[in-house]
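Here is the structure we will look at.
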Amino acid sequence: MSDDDKNAGKRRSQAWFGGTDKDAFLHRSWAKNNGLPDDAFDGRPVIGICNTFSELTPCNAHFRELVEHIKRGVIEAGGTPFEFPVFSCGETMLRPTAMLFRNLASMDVEEAIRGNPLDGVILMGGCDKTTPSLLMGAASCDIPAAVVSGGPMLNGRFRGRTLGSGTDVWKFSEEVRSGRMSEEDFMAAESGMSRSPGHCMTMGTASTMASMSEALGVTLAGNAAYPAVDARRNRLARLTGRRIVSMVEEDLRLSRVLTREAFENAIRVNGAIGGSTNAVIHLLAIAGRIGVDLDLTDWDRFGRDVPCLVNLMPSGEYLMEDFCYAGGLPAVMGKIRDLLHEDAFTISGRTMGEQLNAAECFNDDVIRDRDNPVFHQGGIAVLQGNLAPQGAVLKPSAASPHLMQHTGRAVVFESIEDFKARVDDPDLDVDENSVLVLKGAGPQGYPGMAEVGNLPLPRKVLEKGVRDMVRVSDARMSGTAFGTVVLHVAPESAAGGPLALVEEGDIIELDVEARRLALKIDEAELERRRARWQPQPHAMQGGYQSLYVERVLQADTGADLDFLVGCRGAEVPRESH
Ligand code: FES
């Protein structure tokens with residue numbers, strides 16, 4: 001008897017499908033209505049394919065086709081595939097913000113994996129929140145798991161120019177507000193921006209999280225960059241389908257791959273790609289689920305000196321299609337190989353170092369060399385000070401060099417609605433040296449920590465030709481956005497953090513080099529304001545959103561729900577009845 005045969009009897013799926021009793025009859029008989037033959041239940045690996053397809057998540061709407069390639073791979077390798085749907089967090093449609101539902105989706109993933117006869121699982125992610133929700137849920141179960149990303153859209157094109165998802169929306173929107181672009185032209189650009197299946201093709205959060213997955217070692221090499229419509233995406237899906245079957249046979253669980261070393265690799269890679277600030281929150285949350293001790297300061301420690309090599313919007317010029325042709329993520333990792341833990345294990349069954357032996361770069365303007373970076377410091381800056389005792393973040397590669405050290409007068413908005421109502425008021429006392437402060441946009445306050453931190457500039461500042469100002473908030477920002485924007489201030493204002501105490505006209509100092517964010521008022525005055533501060537009751541009355549507001553953690557630890565942190569394993573305490 002081979003080792004595989006011996007293991008077959010111990011597989012999770014056999015607790016459902018093995019044996020001759022009534023329960024085994026029930027499990028097999030109903031599954032057979034899918035046309036499954038007897039040998040589908042003979043102890044071969046049963047593979048779940050966790051599909052975030054939804055027409056309401058346009059970035060994942062092509063997953064019906066993609067999943068067929070995964071299934072073929074599973075069957076070719078001798079496994080039995082079962083596709084199942086989970087909550088799909090679509091960035092563009094979900095209100096008030098997709099992030100509010102990331103943790104809900106992760107619960108769906110976790111319970112679906114644990115409660116079903118699965119020996120391994122493929123996680124199909126694409127749009128921003130789908131990838132972290134899948135990894136969080138799977139990490140809490142710790143069974144063999146691999147990610148297949150949906151891939152980016154083709155480059156946007158409009159009237160002879162290249163358009164980047166999100167990034168050019170923010171630019172065009174400011175052009176319309178400043179009177180430099182007509183509304184007709186603005187609307188005409190819509191169809192050219194999103195012209196194929198796939199997710200945002202800038203180095204936004206979706207591309208970042210696909211890259212993070214690859215850097216963590218939970219995908220096969222090449223996963224991040226192949227466009228959704230590239231046949232190599234389908235080939236990769238098929239190969240991952242084959243590979244997950246072997247992973248079950250090898251009992252290669254997520255905890256073997258998602259190690260401290262893997263997260264350090266991912267942080268460094270995020271610096272090299274100029275990745276999204278959202279990766280900070282998502283990786284902290286994933287680490288919390290698998291039980292790796294990672295904290296916010298690790299982002300500065302491991303990312304600070306990593307040069308940004310990837311010349312993609314929003315920090316640079318190109319898009320994911322160009323990134324693919326230039327060699328994709330392996331080419332980037334090959335260029336910072338000496339900074340990585342090469343012995344980190346990957347789902348391929350090889351170490352990261354072994355995988356990188358095949359890395360090659362084919363365009364060193366898209367993926368720059370270390371001596372010619374896009375930015376010398378590509379990582380995320382973690383700021384601290386009396387305005388953010390638990391930290392805040394800023395993406396230097398998306399900020400303006402002349403604002404990296406700036407002191408200005410606060411112009412304060414109590415909520416995003418307050419901001420929208422007053423930002424273009426000609427009487428608003430603001431100029432380009434002011435610091436725009438937004439409260440009430442954190443995990444509890446919004447709720448869900450909306451991507452509103454890149455506040456549009458006041459019209460009267462825009463009309464002077466100014467395109468960036470310092471902005472400070474407890475919000476997030478889209479990975480496709482840019483600007484000198486301080487985000488994720490913790491504790492948030494709704495939780496009584498010092499941000500809640502900022503008043504109009506206060507002086508705020510930002511010093512990115514020193515990693516400082518300071519409110520220049522004395523401690524006694526801060527205490528007086530703190531004594532007067534009253535929490536606002538939240539508007540949610542019951543349901544998931546109420547649970548979220550009551551149990552969500554702050555941004556500096558990943559904004560997970562407190563009771564979801566940790567790995568609970570895949571054991572099912574009781575049989576079905
Ligand atoms: Fe889905 Fe950008 S909106 S990836």
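Values in this text are rule-based calculations from the coordinates and carry no lab data. Keep in mind it's a predicted model, so treat the numbers as computed, not measured. Neighbour counts run over all protein chains shown; Cβ positions are idealised from the backbone, glycine included.
Listed by first and then second residue, the pairs linking a residue in segment 152-178 that is free of Cβ contacts under 8 Å to residues at least 40 places away in the same chain to a residue that is away from the ligand (no atom under 16 Å from the Cβ) and among the acidic types (Asp, Glu), with Cβ atoms under 7 Å apart and 6 or more places separating them unless they lie on different chains, are 176/183. What residue, among those in segment 376-402 that are surrounded by fewer than 21 Cβ atoms within 10 Å (Cβ to Cβ) and closer than 18 Å to residue 468 by Cα, is nearest to the chain's Cα centre (by Cα)? The extreme case among them is 400.
Of the residues that sit in segment 336-360 and are of a type outside the set (S, T, N, Q) and touching a strand residue (DSSP E or B) at 6+ places or on another chain (Cβ under 7 Å), which one is farthest from residue 302 (Cα to Cα)?
Step one: of segment 336-360, the residues of a type outside the set (S, T, N, Q) are 336-345, 347, 349-350, 352-354, 356, 358-360.
If we keep only those that are touching a strand residue (DSSP E or B) at 6+ places or on another chain (Cβ under 7 Å) as well, we get 342-345, 347.
Values: 342: 15, 343: 17, 344: 16, 345: 19, 347: 23 Å.
Among those residues, the one meeting the criterion is 347.
For segment 142-170, the set of residues classified as in contact with a helix residue (DSSP H, G or I) (Cβ under 7 Å, 6 or more places away or on another chain) and surrounded by 24 or more Cβ atoms within 10 Å (Cβ to Cβ) consists of 144, 145, 146, 147, 148, 149, 150, 151, 152, 156, 163, 165, listed by residue number. Meeting the requirement of 2 or more residues that are touching a Phe, Trp or Tyr at 6+ places or on another chain (Cβ under 9 Å) and within 16 Å of the ligand (Cβ to nearest atom), the helices (runs of 4 or more DSSP H) wholly within segment 1-113 are 63-76.
Scanning segment 444-489 for residues that are in a loop (DSSP other than H, G, I, E, B), more than 16 Å from the ligand (Cβ to nearest atom) and over 18 Å from residue 383 (Cβ atoms) yields 444, 445, 446, 447, 456, 457, 458, 463, 464, 465, 466, 467.
Rundown of residues vs (1) touching a Lys or Arg at 6+ places or on another chain (Cβ under 7 Å); (2) more than 22 Å from residue 154 (Cβ to Cβ), yes/no style:
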site	(1), (2)
317	no, no
322	no, no
326	no, no
340	yes, yes
343	no, yes
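Condition check: surrounded by 19 or more Cβ atoms within 10 Å (Cβ to Cβ), over 30 Å from residue 469 (Cβ atoms) and among the hydrophobic types (A, V, I, L, M, F, W, C). Does residue 564 satisfy that? In short, yes. Restricting attention to segment 270-286, the residues being among the β-branched types (Val, Ile, Thr) and part of a loop (DSSP other than H, G, I, E, B) number 1. Only a single item in (1) farther than 21 Å from residue 569 by Cβ; (2) surrounded by fewer than 17 Cβ atoms within 10 Å (Cβ to Cβ); (3) out of contact with any strand residue (DSSP E or B) (no Cβ under 7 Å at 6 or more places or on another chain) is not met by residue 101, and it is number (2).
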